[in-house]
Amino acid sequence: MPGIRGFSSDDGIAERNRRVTKRDVAYDVGVFGRRDATASLPREQGAATALSARWAWRRRCIVEDMVSVVRSCVFTTMISAAAKFGSRYAAPAAATGTLIALSLSPTVVEAKAESNASAVVADIAQIKQAIADIIEDDAERRGDGTSLTGTFVRLAWHCAGTYNKATGEGGSNGARMRFDPEASWGANAGLDIPRKALEVVKAKFPEISYADLYTLAGVTAVEQAGGPKIPFRLGRTDAESGETSPKECGLPDADKGSRKGTAQHVRDVFYRMGFSDKEIVALLGAHALGRCHTDRSGYWGPWTFAENTFSNEYFRLLVEERWSPKVSHNGKPWEGPDQFEDSTGKLMMLPSDMILIQDPEFRKVVEVYAKNEDAFFKDFASAFSKLLDLGVDFPSTKAWYQFW
């Protein structure tokens, strides 16, 4: 077996010496400008300097050769390993040395990565369009200005909002809302409607998991309503039952009986998932969409006059509108849970909404978002994407040939 180049045989040593001699010439010319640059020095000093410089250069050359050998050995080992396991982890044809060498070419690798990424993006785009079509068709059938927009956002939020960062339980992975106990939780009342509506999309794109589909529905709803683009990635898997669901609901209640109690409850729920006060306010800005229904939550009404449009109107109304406890509805005494209404009686706010302007820290953020929609969009996109990723162990994105 051949040894290390330049040290394994007499021929190797001779070749090594010839190369070193050429490098000496190059060194002398490069450093001193000409071969006799040391002539101006005293004879002994010039000779010593040149000799010292040559030996330093030779040591450097030896180190470079050793590094080159190590690199060569590592590359050979990688090729061998790839050839051995190529049929298992890569395409079958990649098991040959020639094709593996080609597959390691940066140009080819980048082309393959771009091709795969384009395919995934195209699939997501098609699925999002199918979801958008459902929203549009449903809105046309209703004909009353309502739609599934806010309901899809609620579906995505409730799928992920069970997460507990301390225990790792809950989160959007599993789509466990299809099973009890989550399907029976009062907080999830009415969410069977959007799940059933999405079955058409699941049938058309069976490769997408329910967990990805439910969360992507929320993303699509926000974007179709004029909101920001939400960073999203596929990779969630489906559970086969509700056995791994959290024992308790964990989703926030709209009222805990007092301002202080409600504010603390909201913080407890979102802190449990790993969110800050700023992220809490941004996420609650999703109430710009949709409305409450008495047959689901017990509450009634929309938060804004444009419930199918994603904007900062929710925050503007919180700050600028006069809100008072609701006492009547359609000419009759209000018998539902405590909620607030605007001066027209057509809009509503929950006690958990009102604490955003009653709590000093929350109010600071509300006032920023009420004046700056761009700031709200930016923060919401980040927080909502973070929410939908909770509890998901996404697969590695490294290519099969990467060992580092």
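A short reminder: the numbers here are calculations on the coordinates, not readings from a lab. Quantities reported herein were computed from a predicted structural model and do not represent experimental measurements. With ideal geometry, Cβ positions are generated from the backbone for all residues, glycine too; neighbour counts draw on all protein chains shown.
Rounded to the nearest whole Hz, the Karplus-based 3J(HN,Hα) values (6.51 cos²θ - 1.76 cosθ + 1.60, θ = phi - 60°) of the stretch 295-301 follow the sequence 7, 10, 9, x, 8, 9, x, with x at glycine and proline. A cut-off of 5 Å between modelled amide H atoms, ignoring neighbours fewer than 5 places along the same chain, links HIS329 with TRP334.
Among the GluC sites (Glu not before Pro) in the stretch 173-234, those located in a DSSP loop and surrounded by at most 15 other Cβ atoms within 10 Å of their own Cβ are GLU207.
Hydrodynamic estimate: the Kirkwood radius of the stretch 278-404 over Cα pairs, inserted into Stokes-Einstein at 20 °C and 1.002 mPa s, corresponds to D of 131 µm²/s. Both radii are taken from the alpha-carbon atoms of the stretch 133-203; with Rh as the Kirkwood radius, Rg/Rh is 1.03.
Both the radius of gyration and Dmax for the stretch 264-330 are 13.7, 41 Å, in that order, over alpha-carbon atoms. Legend: distances between Cα atoms for LYS247/LYS346; LYS332/LYS371; LYS278/LYS371; pairs beyond 26 Å are LYS247/LYS346; LYS332/LYS371.
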